[in-house]
Amino acid sequence: MRTKIVAGNWKMNLNVVESQLLIGELMDALSTFETQAKIIVAPSFVNLPILAVATENTTITLAAQNVHHKEKGAYTGEVSADMLSSLGIDHVIIGHSERRAYYNDTDTVLKEKVSKALEYNMNIIFCVGEQLEDRKTEKHFDVIKKQLEIALFALDAYAYNFITIAYEPVWAIGTGETASPEQAQEMHAYIRSLIAKKHSASLAEDVSILYGGSVKPANAEELFSKPDVDGGLIGGAALKAADFTAIIKAI
Ligand code: 13P
């Protein structure tokens, strides 16, 4: 049985006071209803320690937004898997399109990040997504296949216990434009079929595949109703407790 997940990627937003306020609002809201979904929140690195304390013994799981691929050393400004682990952080987003676009996170580096995170038994939300141009020229399936092939397909079956995939079409991120539920379903089913081909149908059935890209309270339910959409990776709407809560309720 695969897990339903709603994850909030706070990106480079919210200072330490604002982060604590939002997590408090979220905890209050979550105490008023039951959900089958696993709730993940990914704040910036600097806010992780204090939020780790605040979310202890709650249903909120914290994730880092990135991790370095080397063990340690002269990599100024970077954060290692060991540092995150020592804080009790065991979830990490890897391969977000903003990291790919602005920080040279190539498929090859991402493969190394995945293996470093796995060394530390971290759960990974691995992001893939095509550019608008790729979709217009009908290369979107090939792009996603290549991203998955390079970073993930050499993994053994056991490693998939730690892998969640997030399909985030770049043209839908922060644009207000969403993939239609049909487009999301089509790509998610394709991703699942690739994993089934690489490993087995039963393994593929157990991998959670999230959709990300302008998920809002207004479109969440329809997206989540699709059989291969197991939840969402939420950007902007995760910054408002009411919106994030409404999205969780939609699953
Ligand atoms: P938006 O929900 O703001 O489009 O961001 C999606 C995203 O990038 C989540 O990682």
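The values are calculated or read from the model by the stated rules, or taken from the named source; none is laboratory data. Treat the numbers as computed from the prediction; the structure is a model and nothing was measured. Every residue, glycine as well, gets a Cβ built from its backbone with ideal geometry; the counts of neighbours run over all protein chains shown. To get the accessible areas, we keep the full protein, side chains included, count just its heavy atoms, and leave off ligands, DNA and RNA. Shrake-Rupley method; radii C 1.70, N 1.55, O 1.52, S 1.80 Å.
Numerical summary
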read-out: Residue within the range 172-185 that is modelled with pLDDT under 95 and not in a loop (DSSP other than H, G, I, E, B) present; value: yes
read-out: Failed item in (1) under 15 Å from residue 39 (Cα atoms); (2) polar (S, T, N, Q); (3) open to solvent by 70 Å² or more (accessible area, probe 1.4 Å); (4) touching a residue at least 40 places away in the same chain (Cβ under 8 Å), with residue 108 passing the rest; value: (1)
read-out: Looking only at the range 158-177, and only at residues there that are more than 8 Å from the ligand (Cβ to nearest atom) and of a type in the set (S, T, N, Q), the one that is nearest to residue 207 (Cα to Cα); value: 164
read-out: Selected residue (only one of 46, 79, 6, 41 is away from the ligand (no atom under 15 Å from the Cβ) and either in contact with a His (Cβ under 7 Å, 6 or more places away or on another chain) or under 21 Å from residue 212 (Cα atoms) (or both)); value: 79
read-out: Any pair with Cβ under 6 angstrom, 6 or more apart, that starts in the range 225-236 at a residue that is touching a residue at least 24 places away in the same chain (Cβ under 8 Å) and acidic (Asp, Glu) and ends at one that is open to solvent by 20 Å² or more (accessible area, probe 1.4 Å) and more than 8 Å from the ligand (Cβ to nearest atom); value: 228/185; 228/189; 230/2; 230/4
read-out: Residue that is surrounded by 19 or more Cβ atoms within 10 Å (Cβ to Cβ), in contact (Cβ under 8 Å) with a residue 24 or more places away in the chain, near the ligand (Cβ under 10 Å from one of its atoms) and assigned to a helix (DSSP H, G or I), where the choices are 144, 191, 247; value: 247
read-out: Pick from the range 208-236, criterion buried (at least 21 other Cβ atoms within 10 Å of the Cβ) and aliphatic (A, V, I, L, M), ranking: farthest from residue 131 (Cα to Cα); value: 220
read-out: Selected residue (only one of 51, 22 is touching a Pro at 6+ places or on another chain (Cβ under 7 Å), open to solvent by less than 40 Å² (accessible area, probe 1.4 Å) and not β-branched (Val, Ile, Thr)); value: 51
read-out: Only one of 62, 84, 118 that is touching a residue at least 12 places away in the same chain (Cβ under 8 Å), open to solvent by less than 30 Å² (accessible area, probe 1.4 Å) and more than 16 Å from the ligand (Cβ to nearest atom); value: 84
read-out: Residue tally, condition within 16 Å of the ligand (Cβ to nearest atom) and in contact with a helix residue (DSSP H, G or I) (Cβ under 8 Å, 6 or more places away or on another chain), over the range 9-25; value: 6
read-out: Residue within the range 225-236 that is out of contact with any helix residue (DSSP H, G or I) (no Cβ under 9 Å at 6 or more places or on another chain) and either within 16 Å of the ligand (Cβ to nearest atom) or farther than 23 Å from residue 39 by Cα (or both) present; value: yes
read-out: Of the criteria (1) β-branched (Val, Ile, Thr); (2) free of Cβ contacts under 8 Å to residues at least 40 places away in the same chain; (3) buried (at least 17 other Cβ atoms within 10 Å of the Cβ), which one residue 175 fails; value: (3)
